[in-house]
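Data first, discussion second: the structure below is written as structure tokens.
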Amino acid sequence: MDESSLKSLLDGVRSGATGVDEALEKLRDLPFEDLGFARLDNHRSLRTGVAEVLFAPGKTLQQLKSLVEHSVESNAAVLVTRIEGEPARELLGDYPFLRHDPQARILSYRASPLATREGYVAVVTAGTADLSVAREAALTLEFLGDRVEQLSDVGVAGLHRLLPGLKLLRGARAVIVVAGMEGALASVVGGLIDRPVIAVPTSVGYGASFGGLSALLGMLNSCSAGVAVVNIDNGFGAACFAHLV
């Protein structure tokens, strides 16, 4: 949609010739911004409910800087995942308004905070070693306007630690369960509550865990109904799924 057709659409809304819902439907397919090395999808949130997020690995520092700059200008918000070390320090130096969380490896900014949605999403970790992935999920949810409650270090090796948190889990709109090793915690939680469970396998574990593959397969083979599974270490993806649920 070019400038002329966009003005025509807005004039139609102002005059009453075009309904608000009809205009909103047309705006869902607005174009991307071509940066040469990337096509920044500025209107993804209109189509999918979640704006485009910048995945840092594989991008040069200059590419990241350009993407951050254009995201802020176009959307007044930006979320960069899996960023750490020198690239994170460089971006913070150029854009001091960014918020950096080293544990989650996230850089974020939103000019105006979103109104917090009703209810909350619970993020549960089996062990302390899973906290980085859980933190990525929690910060992504907060960026999207969700309230988060966390329950940490309640894995199956000490299952009694989970029981005092059942009221918290049963009150959530959705529950993200982050676990490595054999990934059994997701099945346990799924068998105790009537809420959607999003299972996140992590790459935490000894040799036979195969970098999280064991936890992934365990979660995919869950006998608890209502458990969905995302990719290994994908706290971001779990947060987006929980947000849409």
Result of the Cβ filter at 7 Å on the stretch 75-89, keeping first residues that are outside the structural domain of Glu136 (by TED's automatic domain parsing) and partners that are assigned to a strand (DSSP E or B) and β-branched (Val, Ile, Thr), at least 6 apart or interchain, is Leu79/Ile106; Val80/Ile106; Thr81/Ile106
Of Leu67, Leu92, the only residue that is touching a strand residue (DSSP E or B) at 6+ places or on another chain (Cβ under 8 Å), farther than 18 Å from Leu139 by Cβ, in a helix (DSSP H, G or I) and hydrophobic (A, V, I, L, M, F, W, C) is Leu67
Exactly one of Ala199, Ala179, Ala215 is in contact (Cβ under 8 Å) with a residue 40 or more places away in the chain and buried (at least 19 other Cβ atoms within 10 Å of the Cβ), and that residue is Ala179
Flagged in the stretch 131-159 as of a type outside the set (Val, Ile, Thr) and over 16 Å from the mean Cα position of the chain (by Cα), in numbering order, are Leu151, Ser152, Asp153, Gly155, Ala157, Gly158, Leu159
### Message
Can you find a residue that is out of contact with any helix residue (DSSP H, G or I) (no Cβ under 6 Å at 6 or more places or on another chain), over 27 Å from Gly235 (Cβ atoms) and in a helix (DSSP H, G or I) anywhere in the stretch 42-59?
### Response
no
If we take the stretch 161-243, then strands (runs of 3 or more DSSP E) inside it with 3 or more residues that are out of contact with any helix residue (DSSP H, G or I) (no Cβ under 9 Å at 6 or more places or on another chain), over 25 Å from Asp101 (Cβ atoms) and not assigned by TED's automatic domain parsing to the domain that holds Ile83 are none
Selection from the stretch 131-172 of residues farther than 15 Å from Ala184 by Cα, of a type in the set (D, E, K, R), surrounded by fewer than 24 Cβ atoms within 10 Å (Cβ to Cβ) and in contact (Cβ under 8 Å) with a residue 12 or more places away in the chain yields Arg135, Asp146, Arg147, Glu149, Arg170
Restricted to the stretch 105-130 and to residues being in contact (Cβ under 8 Å) with a residue 40 or more places away in the chain and assigned to a helix (DSSP H, G or I), the residue nearest to Val50 (Cα to Cα) is Asp130
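The values are calculated or read from the model by the stated rules, or taken from the named source; none is laboratory data. Please read all numbers here as calculations on a predicted model, not as lab measurements. Positions of Cβ are generated from backbone atoms using ideal geometry, with glycine treated the same way; all protein chains shown enter the neighbour counts.
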